[in-house]
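Okay, so here's the structure we're looking at.
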Amino acid sequence: MLEVNKIIRFSYGSEIEYQRLASQAAEIWGEWNQEIASMAGERVEELPGVLQRGERMVWNKCGFLRMAVGSEFPDIELDTLRNMEKEGIRDTQFRSDDDIDVERASKSGWGHKLDACRRQERFGVHKAVLDSSAGFTVAYKACAWAQYLARKAGVEFILHPTKGKVTNIDTTATEKPIVQTADGVTHEADLVVVAGGGWTAGLLPEADGLIETTAGSVATIQLPKERLDLWERFSPENFPVITWGFSEGKDAYSFPRDENGVIKIGFRKTKWTNYGDVAGKRISVPRAVQSKETDIPAPALEGIKEYISLNLPELVELGLSSTFLCWYTDSIDNSFVVDFVPNRSGVAICTGGSGHGFKFLPILGREVVKILEGKGDQTVYGQMWKWRTSTATKRNGLEEGEEGPRVLEKQKMASREDWVF
Ligand SMILES: Cc1cc2nc3c(=O)[nH]c(=O)nc-3n(C[C@H](O)[C@H](O)[C@H](O)COP(=O)(O)OP(=O)(O)OC[C@H]3O[C@@H](n4cnc5c(N)ncnc54)[C@H](O)[C@@H]3O)c2cc1C
């Protein structure tokens with residue numbers, strides 16, 4: 001199952017640096033869309049295959065509705081609005097409880113998305129902010145486009161299952177790191193940058209404690225072709241990306257349907273860990289390495305079903321089409337980790353996406369290069385993303401380790417029978 005869509009948002013509570021970086025990334029997302037559209041004529045065959053067919057775009061500014069659970073906004077929402085005001089972009093936001101905003105939304109063509117789930121009519125309460133500058137990226141098309149640009153710039157990709165799979169990074173044998181691949185070949189390198197997502201701590205066990213591999217729970221619903229009413233209702237033109245109860249104990253989200261009629265719904269309240277043996281340590285690693293996992297833990301399925309029942313009730317009769325786990329790399333503070341690895345000459349790490357990294361695809365390289373060129377101390381992001389430790393009692397759940405309650409092995413996994421509403 002392809003992980004199709006990722007949210008592009010600018011709402012970051014008090015973390016204005018991420019808000020700014022996301023805004024800068026959005027400019028490039030927009031340029032990418034334009035460039036792809038401009039190639040759609042005579043140069044269409046130059047485009048990666050997935051962009052030759054279907055919708056030729058990598059990001060869709062369909063809007064992003066941040067819904068509170070009850071009648072109050074959480075602090076993070078108010079912080080976001082303050083920071084948007086500070087940056088002069090408050091006019092892109094519409095509060096459902098502000099008459100002026102509601103009127104502005106309706107005049108600018110966003111009114112129909114402000115209460116997309118008709119919560120006011122059904123529950124008598126709807127507290128939300130619609131961000132008209134946000135939306136989603138079609139992740140597999142964005143990856144194909146980024147790969148196309150990188151190839152044009154001279155990057156060589158080795159995607160072979162053994163030739164391209166790193167099994168060890170040895171920094172003890174010579175002054176230069178030696179990378180071993182699964183085909184048994186060794187490669188001497190001047191610089192090795194480990195950007196292995198959920199597999200990073202498995203390759204650099206010393207990063208365990210600073211980062212942790214966790215799984216998010218995802219479900220999809222396939223709209224039947226004949227249900228034109230639902231295709232229309234849940235199209236990006238009519239329906240925004242939605243998060244619900246982000247910091248209020250619900251933490252679920254959904255996307256409008258994609259071009260194939262698939263609606264993705266995610267549950268982020270609990271991220272699951274999966275411990276295994278790596279270099280004599282117990283480290284959380286993606287379970288997909290050991291077995292293909294399509295079931296999700298029962299509490300996650302319940303959270304997803306609750307979200308659908310309350311907010312997307314028209315979809316209940318269809319039932320779910322799939323569930324699966326998707327692997328994150330969380331850091332101790334949800335901020336990225338981009339730095340040279342201590343005591344490993346010539347090895348750098350680039351990870352810690354913490355569930356919000358994808359939107360930065362067009363812009364991250366700009367900051368990573370500065371850090372790799374040794375200028376990290378002079379940049380805001382270089383300082384934020386340093387290799388670091390923390391003694392805080394709460395470290396984004398990393399303090400729980402294998403004894404914690406989120407370990408996958410301890411969960412009752414939901415099965416297909418549980419998909420029924
Ligand atoms: C459920 C879920 C929802 C998310 N939603 C959003 C969202 O809405 N918006 C957003 O911005 N972000 C989102 N994210 C986060 C985003 O997907 C990540 O931050 C981003 O993908 C991290 O990129 P990465 O390159 O660090 O790691 P990855 O994308 O995981 O890439 C790691 C790469 O390393 C390769 N690799 C691994 N091991 C080896 C090896 N031994 N040898 C060679 N190659 C190897 C893998 O094949 C993979 O290609 C979400 C993540 C999850 C799990």
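The values are calculated or read from the model by the stated rules, or taken from the named source; none is laboratory data. Remember, predicted model here, so these are calculated numbers, not experimental data. Note that each Cβ is placed from the backbone with ideal geometry, even for glycine, and that neighbours are counted across all protein chains shown. What goes into the accessible areas is simple: the full protein's heavy atoms, side chains included, and nothing from ligands, DNA or RNA. Shrake-Rupley method; radii C 1.70, N 1.55, O 1.52, S 1.80 Å.
Give the peptides 27-38, 130-141 in descending order of average Cβ contacts within 10 Å, highest first.
Packing order, densest peptide first, comes out as 130-141, 27-38.
Amide H contacts of SER322 (H built 1.01 Å from N, in plane; Pro and chain starts excluded): THR220 sit under 5 Å, all sequence-distant by 5 or more or on other chains. Rounded to whole numbers, the Karplus 3J(HN,Hα) couplings from phi for region 60-68 are 10, 8, 8, x, 9, 9, 9, 9, 7 Hz, using 6.51 cos²θ - 1.76 cosθ + 1.60 with θ = phi - 60°, and x at Gly and Pro. For the chain, the longest principal axis of the Cα atoms and the long axis of helix 16-39 meet at an angle of about 80 degrees. Applying the Karplus relation 6.51 cos²θ - 1.76 cosθ + 1.60 with θ = phi - 60° to region 336-345 yields 3J(HN,Hα) values of 5, 10, 9, 5, 6, 7, x, 6, 9, 4 Hz, where x marks Gly and Pro.
Ranked by the mean number of other Cβ atoms within 10 Å of their residues, highest first, the peptides 400-412, 211-223 come out as 211-223, 400-412.
With θ taken as phi - 60° and the Karplus curve 6.51 cos²θ - 1.76 cosθ + 1.60 applied, the whole-hertz 3J(HN,Hα) list for region 378-394 is 8, 10, 4, 6, x, 6, 5, 9, 4, 4, 8, 10, 8, 10, 4, 5, 9 Hz, x standing for glycine and proline.
Around the amide H of ASP97, modelled in the peptide plane, lie the amide H atoms of ALA128, all under 5 Å away and 5 or more residues distant in sequence or on another chain. Mind checking the angle between helix 75-86 and the chain's longest principal axis? C-alpha axes, 0 to 90 degrees, to the nearest 10. So the inclination is approximately 90 degrees.
For LYS370, a cut-off of 17 angstrom between C-alpha atoms picks up these lysines, skipping any fewer than 8 places away in its own chain: LYS386.
Dividing the convex hull volume of the alpha carbon atoms of region 314-416 by its residue count gives 187 Å³ per residue.
Each 20 Å bin from 0 upward holds the following percent of the Cα-Cα pairs of the chain: 24, 59, 17, 0. Between the C-alpha center of region 37-80 and that of region 258-311 there is a gap of 23 Å. For region 268-320, the set of GluC sites (Glu not before Pro) satisfying both a DSSP loop assignment and a count of at most 12 other C-beta atoms within 10 Å is given as GLU317. Of LYS305/LYS412; LYS113/LYS271; LYS269/LYS412; LYS61/LYS86; LYS225/LYS264, which pairs sit farther than 20 Å apart, going by alpha carbon to alpha carbon? Violating the 20 Å limit, Cα to Cα: LYS113/LYS271; LYS61/LYS86. Where the accessible area of region 1-118 is counted over protein heavy atoms with a 1.4 Å probe, how much of it, in %, is carbon and sulfur? Here it works out to 47 percent. The trypsin sites (Lys or Arg not before Pro) of region 58-134 meeting both criteria, a DSSP state outside H, G, I, E and B (loop) and at most 16 other C-beta atoms within 10 angstrom of the site's C-beta, are ARG118. Counted over region 230-344 with a bin width of 5 Å, the fraction of Cα pairs per bin, in whole percents, is 2, 9, 16, 19, 17, 14, 10, 7, 4, 2, 1, 0.
When both region 333-412 and region 172-192 are represented by their alpha-carbon centers, they are found 23 Å apart.
Qualifying trypsin sites (Lys or Arg not before Pro) in region 239-321, where qualification requires a DSSP coil assignment and no more than 12 other C-beta atoms within 10 Å, comprise LYS292.
Peptide packing for 231-238, 198-205 was compared via the average number of neighbouring C-beta atoms within 10 Å per residue; ordered from the highest value, the list is 198-205, 231-238.
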